[in-house]
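The values are calculated or read from the model by the stated rules, or taken from the named source; none is laboratory data. Just so we're clear, the structure is a prediction, and the values are computed from it rather than from any experiment. Glycine also receives a Cβ, built like all others from the backbone with ideal geometry; neighbour counts cover every protein chain displayed. These area figures cover heavy atoms from the full protein model, side chains too; ligands, DNA and RNA do not enter into them. Shrake-Rupley method; radii C 1.70, N 1.55, O 1.52, S 1.80 Å.
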Amino acid sequence: MNIPIRSVVAGLLVIGLTAAVLTKARAGGDDYFPPVKDKPTVDECGSCHMAFPPAMLPAASWQRMMVELDDHFGDNASLDPQTAAHVTRYLVDNAADAGGRRYGRKLMKGVPAGASPQRITELPKWVREHDEVSRSEWQHKDVGSKANCPACHVDANDGYFEDD
Amino acid sequence: MTPTRYAIGFLCAFGLASTAIGGPRETLIDRYAAAAKAADPGFSGFSAARGETLHRTQHNTGKADTPACTSCHGNDALSAGRTRTRKPIEPMALSVSPERYKDAAKVEKWFKRNCDEVLGRECTSLEKGDWLAYMMNQ
């Protein structure tokens, strides 16, 4: 068989460009929230639950959460002051409303400016996005908690929260 | 004994002693042992069996959803557990998770949180040492 080299090259070029464009679209899409990259933050926030992307809540939320760690949704998650200060800085610097961020726009819809919501799962947009999930699906043994994003969003730990 | 021999003997003994007690885990255990001894002069060492009992008992004195250590860590110390949000917890047995218990501050942080969650109080040094003895024997 004689395959013209030019069409092979052209084909590969198309595939490559498409992949590049799709990857970019994915990373910039509404379902992308940059994952936590800071080691102390991954360690401290990520030991009991997924280390939620800071762009899912505004800075005021993180500030309030970090001073109320002794009652963190019913658990004592308090940290030594040095670690707490470090984690707070990272979360605030990367919050949904931090300067120039666009990733958090979607989840901030309906959140009044200056508000400090604590549960990502109670944000109006989050609730709407998950209204098709049934009670039995939430109670499935592999899900069990609304904080368990990766149970359904398989690439959540990489920042992708697409419908699955 | 000549001074040289004496010095060699001392260095050998020192070397042996430091390999036996030098690791961060041993330092931590020693600290708990000293505290346990201070609390009870009759203290005669930690017990993996007591540690296992502590680990498995349904205490029901802390939070309702965590009556026992096994509520999150599971019944088998060699296998992974799961937090309340279903995030996996690496096995607690040292043989399966060889990196565990090296960082004293981390160990203390989790005893503080988890004893409070499960028992509704802090753990004693005796309990901490027993529990570590159990996990390090696993």
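Quick grid of which residues meet (1) acidic (D, E); (2) farther than 25 Å from B:N114 by Cβ:
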{"site": "A:C48", "(1), (2)": "no, no"}
{"site": "A:P58", "(1), (2)": "no, yes"}
{"site": "A:D75", "(1), (2)": "yes, no"}
{"site": "A:G99", "(1), (2)": "no, yes"}
{"site": "A:L107", "(1), (2)": "no, yes"}
{"site": "A:V111", "(1), (2)": "no, yes"}
{"site": "A:T121", "(1), (2)": "no, no"}
{"site": "A:R128", "(1), (2)": "no, yes"}
{"site": "A:E132", "(1), (2)": "yes, yes"}
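Working only within segment A:103-147, note down all residues that are within 18 Å of A:C45 (Cα to Cα), over 15 Å from the mean Cα position of the chain (by Cα) and within 14 Å of another protein chain (Cβ to nearest Cβ). Result: A:S145, single match. Quick one: in segment A:126-159, of everything that is of a type in the set (K, R) and loosely packed, with under 15 Cβ neighbours inside 10 Å, which residue is nearest to B:R82 (Cα to Cα)? Ranking the qualifying residues of segment A:126-159, first place goes to A:K141. When segment B:49-84 is limited to residues that are free of Cβ contacts under 8 Å to residues at least 24 places away in the same chain, open to solvent by 30 Å² or more (accessible area, probe 1.4 Å) and farther than 23 Å from B:N137 by Cα, the one that is farthest from the other protein chains (Cβ to nearest Cβ) turns out to be B:N60.
Any idea which residue in segment B:91-138 is surrounded by the most Cβ atoms within 10 Å (Cβ to Cβ), counting only those that are touching a strand residue (DSSP E or B) at 6+ places or on another chain (Cβ under 8 Å) and within 14 Å of chain A (Cβ to nearest Cβ)? Among residues in segment B:91-138 that are touching a strand residue (DSSP E or B) at 6+ places or on another chain (Cβ under 8 Å) and within 14 Å of chain A (Cβ to nearest Cβ), the one surrounded by the most Cβ atoms within 10 Å (Cβ to Cβ) is B:M92.
Taken together, the residues in segment A:67-87 that are of a type in the set (A, V, I, L, M, F, W, C) and either open to solvent by 40 Å² or more (accessible area, probe 1.4 Å) or outside the structural domain of A:K146 (by TED's automatic domain parsing) (or both) amount to 3. All conditions in (1) within 12 Å of chain B (Cβ to nearest Cβ); (2) in a loop (DSSP other than H, G, I, E, B) hold for A:P150, with the sole exception of (2). Out of everything in segment A:38-48 that is within 11 Å of chain B (Cβ to nearest Cβ) and assigned to a loop (DSSP other than H, G, I, E, B), what residue ends up being farthest from B:P88 (Cα to Cα)? Across segment A:38-48, the extreme among qualifying residues is A:G46. Checking the condition within 14 Å of another protein chain (Cβ to nearest Cβ) and either outside any loop (DSSP other than H, G, I, E, B) or at pLDDT 95 or above (or both), which residue from A:A55, A:A51, A:A85 passes? When all the criteria are applied, what remains is A:A51.
Could you check, for segment B:107-125, whether at least one of its residues is aromatic (F, W, Y), modelled with pLDDT of 95 or more, within 13 Å of the chain's Cα centre (by Cα) and not in a helix (DSSP H, G or I)? So far as segment B:107-125 goes, no, none of its residues is aromatic (F, W, Y), modelled with pLDDT of 95 or more, within 13 Å of the chain's Cα centre (by Cα) and not in a helix (DSSP H, G or I).
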